Amino acid sequence: MSGDDDQRKLFLCLQSLSLSLSLSLSLSLSLCLCLSPSLAAALSKLDPEDMLQASVREEKKLLVENAKLKKDIAQLKLQLQEKQRRRTAKALFSPAPPPTASPAPKVPVTHLSSSSSSRKGEEGGARPGSDSLSLGAEPRVDVSRLDIRIGRIISIRRHPLSQTLFVQEVDVGEPAPRTVVSKLGMSPDLEKLRGDLAVLLCNVKPCKVRGVVSQARLLCCSAPDTQIELLAPPSGSAPGDRVTFLSYPGEPDKELQAKERVWERLLPDLQVDVRGVANYKGCSFEVKGKGLCRAPSLTCCPIT
């Protein structure tokens, strides 16, 4: 009986395995029918044992291809790491590029007047004139190009050839006084003006006025009724003090060139404001550490 039981058990195991295989094949066929009718029809004609062997072969093939892909991926990773290592080493040990040489500065061309005297007490020697232009550059046109200084009127007399012009000798802090020809109105008090401080434009080109060479320009303000007043420097000023403008720093031109018409272009913006302070576009005429230049009595009028 024991032998029959063993045979029965073996038969039941084989029957169960066969049933499981049939169910698996049926499920596969059903799935194939859902996906592709033609594929399902082809599979239905195959022998189950052949299908099982084909499945095993396909699985082995996939395992081999998977192992090959893993090997290829590992090799690619190694190659990438090697390239990154070489690039890092090259960046660390390659010599730095030589610094780019800056272009040589352009040498400005300065214009000097033979009649202008050297400025007293100027430190560091002569500086290049701010009227020098680089090729292709637009020249700036603002009040910093004007050499405006304080001067003291040493003497004053009428021009020998004109009733409306006057000739002054003015100390502007140089070894010799400058001769200035000015139009001061019809009847100025000459004695009162003698010894007074005034504000002068000193880098104008010397020119003859009725036979007298004028080397500077007295700055005045005028009212519509032809009243003319000389601008007054702040108290404590001395001949040679320079008038500066806080918003317009820089060195003035050695000499204003007539063809550029700098003075004529700046003149409309030179005004005396409501406080009587001389200014350029709202920026005051200032002697550093001493104060502002003003008109003695006029307000809201042009500077000439």
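The values are calculated or read from the model by the stated rules, or taken from the named source; none is laboratory data. Predicted model, so just to flag it, every value in this text is computed and none were measured. Please note: Cβ atoms are built from the backbone with ideal geometry, for glycine as well, and neighbour counts cover all protein chains shown. We work out accessible area using only protein heavy atoms, side chains counted, and drop any ligands, DNA or RNA first. Shrake-Rupley method; radii C 1.70, N 1.55, O 1.52, S 1.80 Å.
So which residues in the range 158-172 are assigned to a loop (DSSP other than H, G, I, E, B) and at pLDDT below 95, if there are any at all?
As a first pass, look at the range 158-172 and keep what is assigned to a loop (DSSP other than H, G, I, E, B): 159-164, 172.
HIS159, PRO160, LEU161, SER162, GLN163, THR164 - these are the residues of the range 158-172 that are assigned to a loop (DSSP other than H, G, I, E, B) and at pLDDT below 95.
Per-residue answers, yes or no, for (1) at pLDDT below 85; (2) basic (Lys, Arg):
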position: LEU184; (1), (2): yes, no
position: LYS192; (1), (2): yes, yes
position: VAL204; (1), (2): no, no
position: VAL213; (1), (2): no, no
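Taking the listed residues ARG217, ARG294, the one that is in contact with a Gly (Cβ under 6 Å, 6 or more places away or on another chain) and touching a residue at least 12 places away in the same chain (Cβ under 8 Å) is ARG294, with no other qualifying. Among the conditions (1) in a loop (DSSP other than H, G, I, E, B); (2) under 25 Å from GLY282 (Cα atoms); (3) of a type outside the set (Ser, Thr, Tyr), PRO175 misses just one, which is (2). Taking each residue of the range 193-209 that is over 14 Å from ALA258 (Cα atoms) and assigned to a strand (DSSP E or B) and looking for partners that are among the polar types (S, T, N, Q) and open to solvent by less than 50 Å² (accessible area, probe 1.4 Å) with beta-carbon atoms closer than 8 Å, six or more apart or interchain, yields LEU197/SER237; LYS208/SER214. Of everything in the range 263-278 that is under 28 Å from the mean Cα position of the chain (by Cα) and closer than 18 Å to VAL199 by Cα, the residue that is surrounded by the fewest Cβ atoms within 10 Å (Cβ to Cβ) is ASP269.
Search the range 235-247 for residues being under 27 Å from the mean Cα position of the chain (by Cα) and under 16 Å from VAL199 (Cβ atoms), and hand back the single one that is most open to solvent (accessible area, probe 1.4 Å). Before the answer, list the steps.
In the first step, residues of the range 235-247 are kept if they are under 27 Å from the mean Cα position of the chain (by Cα); the result is 244-247.
Those left that are additionally under 16 Å from VAL199 (Cβ atoms): 244-245.
On the way: THR244: 28, PHE245: 12 Å².
Result: THR244.
Name the residues in the range 41-64 that are modelled with pLDDT under 80 and either among the basic types (Lys, Arg) or outside any helix (DSSP H, G or I) (or both), would you? Within the range 41-64, LYS45, LEU46, ASP47 meet the criteria. Test ARG275 against the stated conditions and say whether it is among the charged types (D, E, K, R), out of contact with any helix residue (DSSP H, G or I) (no Cβ under 7 Å at 6 or more places or on another chain) and in a loop (DSSP other than H, G, I, E, B). The answer is yes for ARG275. Of GLY250, GLY289, all but one fail to be part of a loop (DSSP other than H, G, I, E, B), touching a helix residue (DSSP H, G or I) at 6+ places or on another chain (Cβ under 6 Å) and open to solvent by 30 Å² or more (accessible area, probe 1.4 Å); the exception is GLY250.
Against the conditions (1) over 25 Å from PRO177 (Cα atoms); (2) among the hydroxyl-bearing types (Ser, Thr, Tyr); (3) surrounded by 16 or more Cβ atoms within 10 Å (Cβ to Cβ), THR299 satisfies every one except (3).
Only one entry in SER155, SER235 is hydroxyl-bearing (Ser, Thr, Tyr), without any contact (Cβ under 8 Å) to a residue 60 or more places away in the chain and farther than 24 Å from GLY291 by Cβ, namely SER155.
With respect to being at pLDDT 95 or above and farther than 22 Å from ARG157 by Cα, ARG261 falls outside the description.
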